[in-house]
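Everything below concerns the one structure shown next.
The values are calculated or read from the model by the stated rules, or taken from the named source; none is laboratory data. Just so it is clear, the model here is predicted, and its values are computed rather than measured. Heads up, the Cβs are rebuilt from the backbone with ideal geometry, glycines too, and the neighbour counts pull from every protein chain shown. Please note that ligands, DNA and RNA were not included when accessible areas were found on the heavy atoms of the full protein model with its side chains. Shrake-Rupley method; radii C 1.70, N 1.55, O 1.52, S 1.80 Å.
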Amino acid sequence: MTDSKQLYQEVILDHNRKPRNYGKLPDATHRSEGLNPLCGDHIRLDLKVAGDVIESVAFEGQSCAICKASASMMTANVKGKSVADAERLVGEFRGMATGTLDVAKDANHLGRLTVFAGVKDLPSRVKCAILPWHTLHAAVQSQAVVSTEGDNDPVAQSA
Amino acid sequence: MTAANALKTPEPTSTFDVDRYRADFPILANVHPHGKPLVYLDNGASSQMPQQVIDRLVRYQTHEHANIHRGVHTLSETATNAYEHARRQIQHFLNAKEDREIIFTSNVTDSINLVAHGFGRAFVSEGDEIIITHLEHHANIVPWQMLCEERGAKLKVAPIDDSGALILEAYEKLFSPRTKFVSVTHVSNALGTINPVKEMIDIAHRHGVPIMVDGAQAVQHMPVDVQALDCDFYAFTGHKIFGPTGIGVLYGKAEWLEKMKPFRGGGDMILSVTFEKTTYNAIPFKFEAGTPPIAQAIALGEAVEYVRRIGLERIAAHEHDLLVYATDRLRAMDGVRIYGTAPHKAAVISFYVNDIHPHDVGTLLNEEGVAVRTGHHCAQPVMRRFGIPATARASFAFYNKLEEVDVLVEAIRKVQKLFA
Ligand SMILES: Cc1ncc(COP(=O)(O)O)c(C=O)c1O
């Protein structure tokens, strides 16, 4: 079992303290809200997509450190990427967090995002880490509001 | 803040022999989260079970089990007697007048739904009003909302002040000639507030309105006498009073239970069935359709006996020491805010550490062996009243020790250091 202190590494605490790309985009082309009704995590994500490229991205909201750091690192990661590459990253992150992708063995593009690998051992926190990614997926699919529960439960989906 | 004045400084010389009682709870010694001794402060969500209750479950399953109320053979009689004995144990525990006023349900949620259906369908119609409070658990909100929607009735909510105490005068003002029912919590699970239920019951009765009390967070902490209270209904749940899950209790005055509609239809709740008409059984059986949780009811009887042997006055005194000590220590910490500072509180402390989300706090406290609940505690309206999405909550039982408060405080300090 991963020590949860290992999960609360300096990178995550740093992104929690100083989230990157925090705020709104006045010229957003895509916008989505993510809710985790169980713990009250709530983030809003703005994207500016030009052609096939995510030109800029911003998020804001109220959430735990895991969720906020995940959102912050996600925005830093997908900015400038194509929508298809971002979607691939969503799939890989979800796989890592739910334990279907082993970052040590399976090919992936997660890079520094592997600091979140430990959440797979904290079932109650998996949704916190996935929420921003889930919201990103919804935004590019042009869904306005998504929840981590019910039909959208990321844990149930990957089970 | 009023709590500091109302709470007296603790006398650490309590005569309560905690270690003796802790020895009854095998799980407290068996479990070591992250290699640390378990500091179980999530009793508000569910309490642990003493060996005496575990033994009773095992004895029932190994020597006494059969279906009840329907067999002529020895085992069926044994099981029926044990089940009915448990009903009388609950009757004495609550000081109900008659054993037929005790109905076994599956949890307190089920007990409240039973009344919402049974009373609501018989007596509530369009334009009528039902009163609850701002302190309720979702279990004492949603069933009434559903009833109101079905009947075109209106739900009215008694407000609380900034300490989390009910405003009694505002509660009384909610009554009107259309008020048909009141349902209030005895103790708030999210804030620990103890409601002035005796006064609330008297006020309801002055307006000629029956009242139900949700005792889910009360019966394990303080003596409850339903005849002295004179409430019309009182409900609690087995797994929060050292019994098993899957069992709950509804006390109701016989005169009401007899007039109410059954909740579920099926076996055991009938006297005779033809395809044209069914005659319902007498109370309490009218409300116990189908095979009940027999083992759980018997174990709950043992659990309330266990609590009675220790004595609820003594339990309340020890838990008050825990509350005062924990409140003082947490208040002394920079950055820790306590939500719920009513003058009368059970040993429940909802708190926030700096601006750290309660989920992060809970995950990191677990690292030190400390189990607390984090989230909205199924009381979202209370959380909204204080403008927060969630809190961390330490909820105590009589088997908790003052030293465990020290472990909690140290663990919170470590969280603060990590996030500094
Ligand atoms: C005040 C109160 N009412 C109702 C409930 C619901 O209890 P149960 O889930 O056992 O029905 C709880 C437990 O969380 C509670 O604290």
*Would you list the strands (runs of 3 or more DSSP E) that sit entirely within the stretch B:270-374 and hold 3 or more residues that are not aliphatic (A, V, I, L, M)?*
B:278-280, B:348-353
*Out of all the residues in the stretch B:211-230, which are buried (at least 23 other Cβ atoms within 10 Å of the Cβ) and of a type in the set (D, E)?*
B:D214
*Could you list, in sequence order, the residues of the stretch B:368-392 that are facing another protein chain (nearest Cβ under 8 Å) and open to solvent by 10 Å² or more (accessible area, probe 1.4 Å)?*
B:T374, B:H376, B:P389
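Starting from residues that are within 14 Å of chain B (Cβ to nearest Cβ) and out of contact with any helix residue (DSSP H, G or I) (no Cβ under 8 Å at 6 or more places or on another chain), keep the ones in the stretch A:41-77 and report whichever is surrounded by the most Cβ atoms within 10 Å (Cβ to Cβ).
Let us first name the residues in the stretch A:41-77 that are within 14 Å of chain B (Cβ to nearest Cβ), namely A:41-43, A:61-71.
Retained after the next criterion (residues that are out of contact with any helix residue (DSSP H, G or I) (no Cβ under 8 Å at 6 or more places or on another chain)): A:42, A:62.
Working: A:H42: 17, A:Q62: 15.
Per the stated criteria, the residue is A:H42.
Which one of these is open to solvent by 10 Å² or more (accessible area, probe 1.4 Å) and in the same structural domain as B:L57 (by TED's automatic domain parsing): B:P284, B:P262? So that I can check it myself, show each step before the final result.
Details: B:P284 fails: open to solvent by 10 Å² or more (accessible area, probe 1.4 Å).
When all the criteria are applied, what remains is B:P262.
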_Filter result for B:F123 (more than 16 Å from the ligand (Cβ to nearest atom), out of contact with any Ser or Thr (no Cβ under 7 Å at 6 or more places or on another chain), at pLDDT 95 or above and open to solvent by less than 30 Å² (accessible area, probe 1.4 Å))_ = no
*asked:* Name the single residue that is farthest from the other protein chains (Cβ to nearest Cβ) among those in the stretch A:15-40 being touching a residue at least 12 places away in the same chain (Cβ under 8 Å) and part of a helix (DSSP H, G or I).
replied: A:H15
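Only one of B:G252, B:G246 is open to solvent by less than 10 Å² (accessible area, probe 1.4 Å) and touching a residue at least 60 places away in the same chain (Cβ under 8 Å); which? So that I can check it myself, show each step before the final result.
On the way: B:G246 fails: open to solvent by less than 10 Å² (accessible area, probe 1.4 Å).
One residue alone meets the criteria, B:G252.
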*Being at pLDDT 95 or above, in the same structural domain as B:D214 (by TED's automatic domain parsing) and within 13 Å of B:M212 (Cα to Cα), is that true of even one residue in the stretch B:161-176?*
no
*Would you say B:I131 is assigned by TED's automatic domain parsing to the domain that holds B:R264 and within 16 Å of the ligand (Cβ to nearest atom)?*
no
